[in-house]
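Structure, as structure tokens:
The values are calculated or read from the model by the stated rules, or taken from the named source; none is laboratory data. Bear in mind that the values here come from a model prediction, so they are computed numbers and not experimental data. Here the Cβ is made from the backbone with ideal geometry for all residues, glycine too, and neighbour counts use every protein chain on show.
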Amino acid sequence: MNNFAWLEPKSVDEAAEALKQGGIALAGGIDLLTVLKERLVEPQQVVNLKSLPGMRSLEGRNGLRIGALVTLDRIAADEELGRNFAAVAQAAASVGSPQIRNVGTLGGNLCQRPRCWYFRDAEVHCLKKGGAACYAVAGNNEYHAIFGGGPCHIVHPSDVAPALIAFDAEVITNRRRMPLQEFFVLPSENVRAENVLEIGEIVTGVEAGMRPGTFSAYVKMQERPSFDWALSGCAVVLQMNGGRVQDARIVLSGVAPIPWRSREAEAAVKGRAISEVTADDAGQAAVRAAQPMTDNRFKVKLTANAVKIALLKAAGQRV
Amino acid sequence: MPQEQVRWNDPKTSRYLNKRIPRVDGPDKVTGAAKYTYDIALPGMLYGKILRCPHANARVESIDVSAAKAMPGVRAIIDDISKTARFAGQEIAAVAADTEEIARDAIHAIRVTYDVQPHVVNTRAGRNDPDRVGDPAELSEGADPSTLWSQAAAVIEAEYYVPVREHLSLETHGIVFRWDGDDKATAWVSTQAVHGVAGGLANALRIQRQDLTVICNHMGGGFGSKFSAGTEGSVCGRLARLAGKPVKLMLDRYEEQVATGNGPDALMQCKAAMTADGKLLAIEADLWGTNGPGKRWGVAFPYRTVYNLPNIRTRSHGVSTNTGGARALRAPGHPQGNFLTETVLDELAAKVGLDPLEVRKKNVLRAVWREQLDAGAKGIGWERRNKTPGAVSGRYLRGMGCACNTWGGGGRGGSRCDVRIGSDGSVWVGIGTQDLGTGTRTYVAAIVAEDLGLPIERVHAEIGSSKLGQSGGSGGSVTTASVAPAVKMAALAARARLFEVAAPMLGVSAGDLECADGRVQARRNPSNSLSFEQVCAKLPPGGIEERGEWNRSLQQSGVAGAQFVEVEVDTWTGNVRPIKVVAVQDCGYALNRLAVESQIIGGVIQGLSMALFEDRKMDDPTGRMLNPDMENYKVLGALEVPEIVPIVFETHDKVTGLGEPPVIPTAAATGNAVFNATGIRIRTLPITPRRWFDALEEQS
Ligand SMILES: Cc1cc2nc3c(=O)[nH]c(=O)nc-3n(C[C@H](O)[C@H](O)[C@H](O)COP(=O)(O)OP(=O)(O)OC[C@H]3O[C@@H](n4cnc5c(N)ncnc54)[C@H](O)[C@@H]3O)c2cc1C
């Protein structure tokens, strides 16, 4: 990594100012450190957000409010959050390993850079780094996108974001508030970034309202059952009425450059009771428009199954 | 005593040998007192770093080190390591600097221009290029298979693939090098061959072998990749000479994974046949694989050391690729050849409609495997297996598979061990072997403790230095069978000296004495005894020193094994969960049963990892390794390790090594278990969700 100055800001404003001067934000550092070591960024200054007061509160009783500096481990372990926003707690618990959850923060999880092996290799000058081509197209794309890809084909690595989006969460920054769904951008809009954060903008937290009568779940398909990224995943929030789905949010992870909301799957379960048949239908509907690449056809069936399992799990059925 | 009369100690009366002996260096390892090469820090030590070519096939056109040279803290630069790079990651230049950070920055500041040539990095891509394919190695025995297909009860024809795997030693390759004068030096090296490295590295640095001391007290894994100090070793020595200071050069994970060896792949197109009564009839196959830039390549296919395979035609083709060169990897060539053979056998058994266990028993060369197969079948509960693969439906499906192995593991001559007994009763044993992680130090101490009748704590065992008696590299599972006999002979020689001194003291002839419980006593009248210390007090003032040489009659080559794996396949996710492994393994006289079990368990873990996760991925367009890390080069994690039941199956009373054989059959048995569970045959390793869904699609 390059040499840089180290700043311990005392206020969000001071931090924001430093970011405008060529600084980069550091929270847990889990992702940033590797990005620095590979020289994917070479900042003048590293701004330690952990020196800021606040952004550490966690509330899951009357709605969800999580500060950007709350660690994933706290999100996974909070009982009230686990009761009212189960998919969020399950998603946080599925991240990496205990060590990563103990240090990684919510803000960092939402803002982390993609894991694409071409992006991570300093020697490969891909589109995302200002180069001319997405190497995944002609190369090995087994872990890449089956939805929303092009011109770059990364998948968004966060497990937590899809679960929050399924609860219609909003993200709050030092400048604005917006639906978390709108925080993420497709490469077709901006190939260099994964979200709409402007220079000097800092995520301070996320919020979501209470949703009485909902059932939720997060399911993650991994190559290695312990300690792995999502090959594919699915967050489901079901609003039930008389045993039937009144409203559903189904958001996929690991399959697109952003958390991928599947309105097709949502439509497939609307008005129906959840059974293996409906869950299967929703899974099929979710992948009908999938556009697999040369090496990731397997993700299509896998994703259909992720949706199916997540629906059955949310509905409390044995899978 | 004549050599052939020497026997290993009777387990009925032994205190340590053939029992479960905790490692003597276990406490040092868990407390951190054990010093690995990584831990060595010398006064004034600099840090070395290597610049590697980013291209898979390139020639250096120019190299400019001026910016690096000008950086404060940079003490030495080498810019002539290689003018060509035949794989991405080949060494080009190197730097030594005051800190590792400066060394990294300096490497970054070196400007190289390359003439980049076209590359090929995968066997499949290279096998149709005549310039890249070596002359085939042909095997032709018995009748021509093409005349036999019509007589067969079952014929299969399919393509199989085992990918390149990595050693993935947790301690990377590396060295700390210190010159102790113009032509004398000391090197701490993470190596599995201290004497071998002393020879090789001294040669590379043009000094006398005896003037280079190589030390490796503890190491974090080698698996066959650490026989030499490598390019990094000689580079480190040169940097230290240029800078006039000791230099430490430990590779990072990326370097470890691209440049320090791997186990080659095997691509096979095979046609094979079986008779109605389950006898293998014929095999015809073409195989390809890559060892890196060279064209020599081969795997142990078909596995004729276990099975009777009468009519064979195979052609093996080595493919030259622009990838890091292969090195021995735990049973080189065997896990691949075993997977190919055992899968073919299993497919044929299923097609003929016979129990795969019975088919194996019919085709093995010797009775030992039949006995082991029965023992393993009992251990796993073979009768519980899925009788009709593919007939059961549901999300989670269970099944069982098995496979057999064999290996040599006999010793080699040339090991020399010294035992010293001080007149104060201290006991020291030294031999220039090393502990690759198998527990060498422990049995070296235990053998001496056993024959001197002392608690193991009383014996100080020293290994891991080229200043100690000659011994070979730890590879081919030969270490124990090479080292242990020499240690035993040294212990007996030292004991004989003790007996000579004690005999007149006790009024018994030396031949009638024995050592037990810290005493030297008359065998027929144990109450006529002296304490060990009393006898030692009468030794010459400097104590005694005795040397032992290898004794052929204490060791033997040739082991057999059979493994059974039970898995649960999640048909919705494609995840294969190992449930239980029963590993039956012969190793002759088990010096330390605990260490033997631990070797078996370790081999099974590595074999499961091969079956389910390990896959070096080379990128065709860029020529670079896509997963030179532990994020995407996946290995079995602690949570995936199932119940593993080692069954130590002793067939004789000589010592035989078993570091390698337990890794051989696990992957094949796992693949066979997946088939037994689901009726789906996966012919490409590792068995991941991708392979699972691809196989489902292929089937439908
Ligand atoms: C081996 C490994 C496995 C992992 N597995 C998973 C997994 O399975 N699922 C998953 O979801 N994640 C996984 N992660 C990612 C991990 O969850 C994130 O890296 C972690 O949450 C990042 O948090 P952090 O606090 O360490 O962020 P940092 O590394 O400090 O920051 C990450 C990025 O976000 C920016 N940033 C951080 N906080 C803010 C903020 N408040 N406002 C604006 N920008 C900010 C930083 O500038 C940086 O670019 C894994 C990571 C590793 C290394």
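The table for this structure:
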quantity: Selection status of residue B:169, surrounded by fewer than 20 Cβ atoms within 10 Å (Cβ to Cβ), touching a residue at least 24 places away in the same chain (Cβ under 8 Å) and either polar (S, T, N, Q) or in contact with a Phe, Trp or Tyr (Cβ under 7 Å, 6 or more places away or on another chain) (or both); calculated: no
quantity: Residue within the stretch B:579-588 that is at pLDDT 95 or above, surrounded by fewer than 23 Cβ atoms within 10 Å (Cβ to Cβ), within 14 Å of another protein chain (Cβ to nearest Cβ) and not in a loop (DSSP other than H, G, I, E, B) present; calculated: yes
quantity: Candidate set from the stretch A:72-105 (those that are away from every other protein chain (no Cβ under 14 Å) and within 7 Å of the ligand (Cβ to nearest atom)); member that is surrounded by the most Cβ atoms within 10 Å (Cβ to Cβ); calculated: A:72
quantity: Residues of the stretch B:30-42 satisfying the condition of being assigned to a loop (DSSP other than H, G, I, E, B) and in contact with a Lys or Arg (Cβ under 9 Å, 6 or more places away or on another chain); calculated: B:40, B:41, B:42
quantity: Matching option when the condition is surrounded by 22 or more Cβ atoms within 10 Å (Cβ to Cβ), outside the structural domain of residue B:335 (by TED's automatic domain parsing) and either in contact with a Ser or Thr (Cβ under 9 Å, 6 or more places away or on another chain) or without any contact (Cβ under 8 Å) to a residue 24 or more places away in the chain (or both), among B:230, B:221; calculated: B:230
quantity: Conditions (1) more than 10 Å from chain A (Cβ to nearest Cβ); (2) on the phi < 0 side of the Ramachandran plot: number failed by residue B:636; calculated: (1)
quantity: Residue A:135, sole failed condition from (1) more than 10 Å from the ligand (Cβ to nearest atom); (2) out of contact with any Leu (no Cβ under 9 Å at 6 or more places or on another chain); (3) in a loop (DSSP other than H, G, I, E, B); calculated: (2)
quantity: Residue pairs meeting the criteria (Cβ under 7 Å; at least 6 apart or on separate chains; first facing chain B (nearest Cβ under 8 Å) and more than 15 Å from residue B:690 (Cβ to Cβ), in the stretch A:296-312; second assigned to a loop (DSSP other than H, G, I, E, B) and aliphatic (A, V, I, L, M)); calculated: A:309/A:319
quantity: Residue that is nearest to residue A:172 (Cα to Cα) [pool: residues in the stretch A:51-71 that are away from the ligand (no atom under 13 Å from the Cβ) and in a strand (DSSP E or B)]; calculated: A:65
quantity: Residue B:684 vs. criteria surrounded by fewer than 20 Cβ atoms within 10 Å (Cβ to Cβ), modelled with pLDDT of 95 or more and not charged (D, E, K, R); calculated: yes
quantity: Subset of the stretch A:4-41 [within 14 Å of another protein chain (Cβ to nearest Cβ) and among the aromatic types (Phe, Trp, Tyr)]; calculated: A:4
quantity: The stretch A:149-177 - residue that is surrounded by fewer than 19 Cβ atoms within 10 Å (Cβ to Cβ) and in contact (Cβ under 8 Å) with a residue 40 or more places away in the chain and, of those, nearest to the ligand (Cβ to nearest atom); calculated: A:174
quantity: Test set (1) within 22 Å of residue A:218 (Cα to Cα); (2) aliphatic (A, V, I, L, M); (3) not in a helix (DSSP H, G or I) - residue A:87 fails condition number; calculated: (3)
quantity: Among residues of the stretch B:4-27, those that are free of Cβ contacts under 8 Å to residues at least 12 places away in the same chain and among the acidic types (Asp, Glu), counted; calculated: 1
quantity: Single residue of the stretch A:114-132 satisfying the filter (part of a loop (DSSP other than H, G, I, E, B) and either touching a Lys or Arg at 6+ places or on another chain (Cβ under 8 Å) or of a type in the set (Asp, Glu) (or both)) that is nearest to the other protein chains (Cβ to nearest Cβ); calculated: A:123
quantity: Residues of the stretch A:206-227 satisfying the condition of being within 12 Å of the ligand (Cβ to nearest atom), surrounded by fewer than 24 Cβ atoms within 10 Å (Cβ to Cβ) and touching a residue at least 60 places away in the same chain (Cβ under 8 Å); calculated: A:226, A:227
quantity: Sole residue being in a helix (DSSP H, G or I) and buried (at least 21 other Cβ atoms within 10 Å of the Cβ), chosen from B:77, B:102; calculated: B:102
quantity: Residue within the stretch A:159-170 that is touching an Asp or Glu at 6+ places or on another chain (Cβ under 6 Å) and at pLDDT 95 or above present; calculated: yes
quantity: Spans of strands (runs of 3 or more DSSP E) in the stretch A:1-50 with at least 2 residues away from the ligand (no atom under 13 Å from the Cβ) and touching a residue at least 12 places away in the same chain (Cβ under 8 Å); calculated: A:5-7
quantity: Some residue of the stretch B:627-638 being surrounded by fewer than 21 Cβ atoms within 10 Å (Cβ to Cβ) and touching a Gly at 6+ places or on another chain (Cβ under 8 Å); calculated: no
quantity: Single residue of the stretch A:106-123 satisfying the filter (free of Cβ contacts under 8 Å to residues at least 40 places away in the same chain and crowded, with 22+ Cβ neighbours inside 10 Å) that is farthest from the ligand (Cβ to nearest atom); calculated: A:118
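The rows are residues; the columns are (1) surrounded by fewer than 24 Cβ atoms within 10 Å (Cβ to Cβ); (2) more than 14 Å from every other protein chain (Cβ to nearest Cβ); (3) not in a strand (DSSP E or B).
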position	(1), (2), (3)
B:383	yes, yes, yes
B:387	yes, yes, yes
B:403	no, yes, no
B:406	no, yes, no
B:420	yes, yes, no
B:424	yes, yes, yes
B:430	yes, yes, no
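Residues are listed down the side, and each one gets a yes or a no for (1) farther than 28 Å from residue B:569 by Cβ; (2) among the aliphatic types (A, V, I, L, M); (3) more than 12 Å from chain A (Cβ to nearest Cβ):
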{"residue": "B:617", "(1), (2), (3)": "no, no, no"}
{"residue": "B:622", "(1), (2), (3)": "yes, no, no"}
{"residue": "B:625", "(1), (2), (3)": "yes, yes, no"}
{"residue": "B:630", "(1), (2), (3)": "no, yes, no"}
{"residue": "B:646", "(1), (2), (3)": "no, no, yes"}
{"residue": "B:651", "(1), (2), (3)": "yes, no, yes"}
{"residue": "B:654", "(1), (2), (3)": "yes, no, yes"}
{"residue": "B:659", "(1), (2), (3)": "yes, no, yes"}
{"residue": "B:665", "(1), (2), (3)": "no, no, yes"}
